[in-house]
Amino acid sequence: MEIQDLKNVGAQVRRDIVRQVHSSQSGHPGGSLGCTDMVVALYFREMKINENKNAEGFLQFVREGIGEDLFFLSNGHISPLFYSVLARRGYFPVSEMSTFRKINSRLQGHPATHEHLPGIRVASGSLGQGLSVACGAAYAKRLRKDDRFVYVMMGDGEQQEGQVWEAVQFAPHHKLDNLIAIIDWNGQQIDGPTEVVMNNLDLKAKYEAFGWDTVDLDNGNNMEHVVESLKQAKAKTGKGKPVVILMRTGMGYGVDYMMGTHKWHGAAPNDDQLLVALNQLPVTLGDY
Amino acid sequence: MKKYTFTDKKDTRSGFGAGIAELGRSNPKVIALCADLVASLKLDTFIKENPERFIQVGIAEANMIGVSAGLALSGYIPYATTFANFGSGRVYDQIRQSVAYSGTNVKICVSHAGLTLGEDGATHQILEDLAMMRAMPEMTVINPCDYNQTKAATIAIADYNGPVYLRFGRPVMPIFTADDQKFEIGKAWTVNEGKDVSIFATGHLVWEAILAGEILEQEGIDAEIINIHTIKPLDNEAILKSASKTRCVVTAEEHQLNGGLGDAVCQLLSRNMPTPVEMIGVNNSFGESGTPAQLMEKYGLNAKSIVESVRKVIARK
């Protein structure tokens, strides 16, 4: 997909995010909006996925994902983004987004496999676990000589979890050079700016010290830059080291009053705020 | 009382080692992971024969559970191995989210459970793991009684699609079950048929229950002894059938009284068939250093305690 088309998808996904969170009056819009461009670029351009369709016309989802690129969302609270991208990509009906966080829904507050939502391979939400799972999946691909890639997204606040560093140590030791991690480095977490809550300091230096190759993405909300960073990351695979994209984003990007603040990490807009937000986000693919 | 003799003694963890070695030859999907305890888990043969299917994770158990989940959802059958203490409480949340809730086919195989770990003391003597794992939805919990049963269970769980917590231990114990047994998850094994009392035992306490049965026989008490190797799912039918016959029950486990086999049996009986029960287990305390025999004696987890509990429970009928 071309850059302009990716931008159009991104605009619609941002509308979906805000509408889902508004409808259930709960959820996490800030990080979802910030990571939209990257997840859209992955699913609509970068990743090779199984394009076969089932009888209902939706993408056939096979959990093992042999011969496919895999994506794991470790910071599972940005589920409204994940659900929107999966639905827009064709895994399930876009209308199902109206059930987000509601009773008897497959769209749980945090991504889950339990209700068999196509596109989800593992539950996430309790932070710090996704990189480990991605390491296992990358190891499995190497074992069966599957040359596709494993992508995993994490938050920057999530880097405070000890388990992340167990996995950061594991991946280079086992030379998982088919693994591409992406850190949403937005500098915000629930209790405030990351540098105040628990300073991550220099994540690039840390990952390099652990044996990773790194790619700097100075603006993760610029689609051209996002696509370029993925190209760079892919070029660094297959050389004995895992790769991490250090992605600078603005939390809440796309909705002016949500931008650059931790206050919209896990808060829902009211009816008036919804209208203000939707006025800033054009309809491109049609609302669900 | 049916006679049980043994010609050899081995540790249950060696049964695990033998079982996974056999799986290494028969099931190409099986992968072993270990957190720096290869010798303790008896993985040497598996690793020697299948070096490409062994993953050393270092001292990082949380990551081991996550990596296992990733392997499992990719179609492999990972056996994540460490000490019971580090494969349960330390990684409860990882097991809960990435394994049980995600329905990944991970086998968590843990050694050195309970007091019989011995001299290392209470920091390593996990006595709460059955309770934790029992409470977790969709988890199967198995605690076999000797070398042969542990080997059979290790092999059997590969054919079951779902998360399993398989618990075994360090001490050398009599081998009294058949070496060609077929292990059936959730199906209790009647060690001895009797009519006066039901003894439901798991793990290392099954042999103690047999010793107790021999003592009780001399007193004219005919004990039914049932090996509950699968704590979850519990063999409700076998337990209710036995209790309806004997009308009194003793449970025995190398675990806290809170939340283990005894609690599971009491829950079942109180709902279906209120029956007097006495429970053998550790009573709300931590363990300590000592030899396995000294510890089992001090904390009342042996044939002598089972005999005393049987007398007590029969009097309550």
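The values are calculated or read from the model by the stated rules, or taken from the named source; none is laboratory data. All values reported here derive from a predicted model rather than from experimental measurement. Cβ placement follows ideal geometry from the backbone for every residue including glycine, while neighbour counts extend to all protein chains displayed.
Things worth noting here:
- Residue satisfying all of: in region A:136-189; of a type in the set (Gly, Ala, Ser) and away from every other protein chain (no Cβ under 12 Å); farthest from residue A:261 (Cα to Cα) among these: A:181
- For region A:125-135, filtering for residues that are crowded, with 24+ Cβ neighbours inside 10 Å and within 7 Å of chain B (Cβ to nearest Cβ) leaves 5.
- Filter result for residue B:120 (more than 16 Å from residue B:140 (Cα to Cα), surrounded by fewer than 24 Cβ atoms within 10 Å (Cβ to Cβ), in contact with a Ser or Thr (Cβ under 8 Å, 6 or more places away or on another chain) and at the interface with chain A (Cβ under 10 Å from one of its Cβ atoms)): no
- Residues located in region B:5-35, provided they are in contact with a Phe, Trp or Tyr (Cβ under 7 Å, 6 or more places away or on another chain) and modelled with pLDDT under 95: B:6
- Scanning region A:15-38 for residues that are of a type in the set (S, T, N, Q) and within 13 Å of the chain's Cα centre (by Cα) returns A:32, A:36.
- When residues of region B:80-103 are limited to those that are out of contact with any helix residue (DSSP H, G or I) (no Cβ under 7 Å at 6 or more places or on another chain) and within 13 Å of chain A (Cβ to nearest Cβ), the one surrounded by the fewest Cβ atoms within 10 Å (Cβ to Cβ): B:93
- In summary, residue B:189 fulfils each of the numbered conditions (1) touching a helix residue (DSSP H, G or I) at 6+ places or on another chain (Cβ under 9 Å); (2) of a type in the set (Phe, Trp, Tyr); (3) surrounded by fewer than 22 Cβ atoms within 10 Å (Cβ to Cβ); (4) over 24 Å from residue B:2 (Cβ atoms) with the single exception of condition (4).
- The listed residue being within 20 Å of residue B:74 (Cβ to Cβ) and either of a type outside the set (Ser, Thr, Tyr) or surrounded by fewer than 23 Cβ atoms within 10 Å (Cβ to Cβ) (or both), out of A:166, A:161, A:195: A:166
- Each residue in region A:16-36 was checked for being surrounded by fewer than 24 Cβ atoms within 10 Å (Cβ to Cβ) and part of a helix (DSSP H, G or I), and 4 pass.
- Count - residues of region A:121-151 that are in a helix (DSSP H, G or I) and charged (D, E, K, R): 2
- Of all the criteria given as (1) under 17 Å from residue A:81 (Cα atoms); (2) surrounded by 14 or more Cβ atoms within 10 Å (Cβ to Cβ); (3) of a type in the set (Val, Ile, Thr), the one not satisfied by residue A:283 is (2).
- Those residues of region A:1-15 which are part of a helix (DSSP H, G or I) and not polar (S, T, N, Q), in sequence order: A:3, A:5, A:6, A:7, A:9, A:10, A:11, A:13, A:14, A:15
- Strands (runs of 3 or more DSSP E) wholly inside region A:178-270 containing at least 3 residues that are under 15 Å from the mean Cα position of the chain (by Cα) and closer than 21 Å to residue A:76 by Cβ: A:179-185, A:243-248
- Pick from region B:59-79, criterion under 17 Å from residue A:129 (Cβ atoms), among the small types (Gly, Ala, Ser) and within 7 Å of another protein chain (Cβ to nearest Cβ), ranking: surrounded by the fewest Cβ atoms within 10 Å (Cβ to Cβ): B:60
- With respect to the stated conditions, residue B:292 is under 24 Å from residue B:126 (Cβ atoms) and of a type outside the set (Val, Ile, Thr).
- Output for region A:42-59, where each listed residue is among the aliphatic types (A, V, I, L, M) and in a loop (DSSP other than H, G, I, E, B): A:47, A:49, A:55
- Taking region B:153-176 as the range and being under 13 Å from the mean Cα position of the chain (by Cα) and under 21 Å from residue B:89 (Cβ atoms) as the test, the residues that pass are B:164, B:165, B:166, B:167, B:168, B:169, B:170.
- Looking only at region B:243-281, residues that are surrounded by fewer than 24 Cβ atoms within 10 Å (Cβ to Cβ) and either at negative phi or in a helix (DSSP H, G or I) (or both) come to 22 in all.
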